[in-house]
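Comments concern the structure below.
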Amino acid sequence: MAVGAAMLALTACSPAVSTPGPTTSMPSMSMPTTSQSTSDQPVATNTVSIKNFAFDPAVITVKVGTTVTWTNADQDPHTVTSDGKSGPLNSKPFNQGDTFQYTFTQAGTFSYLCTIHPFMTATVTVTP
Ligand SMILES: [Cu+2]
């Protein structure tokens, strides 16, 4: 037991004594930050699922005249509500398994959120 304690004390002391400073500069640790932002790319789809308190995919692109369907996969109710007062999206809270649909008749970028969980934001881009 006494030996073990002595060894512990030795190993605890040794790094401060023996290694002066290998942490000066580590080159080549900078990753080439390439395609990390795939989730920000718009997805060409007309279906959005709501799960884990997020719209998935959060950024979609559709053509004018497309009906987009949101499906709530969470146990909490969510809404699909335009960001701002005059947007076209204005759903009631809808529950798990329920859907909300909206047909986009104008081109533009429509950002929306869930009014119950305003941190849930997403965007529909409608192209002509
Ligand atoms: Cu919500």
Find how much the distance from residue 101 to residue 45 grows on full extension, using 0.36 nm per residue of separation minus their present alpha carbon separation; answer in nm with one decimal.
18.8 nm
With a point put 7 Å past each Cα toward its Cβ, work out how far residue 127 is from residue 76 in nm, to one decimal.
3.4
DSSP-defined antiparallel bridges as percent of all bridges, the range 43-127, nearest 5:
65
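We did not get these values from a lab; they are worked out from the coordinates using the rules stated. Fair warning: this is a prediction, and the values are worked out from it, not measured in the lab. Cβ: placed from backbone, ideal geometry, glycine included. Neighbour counts: every protein chain shown.
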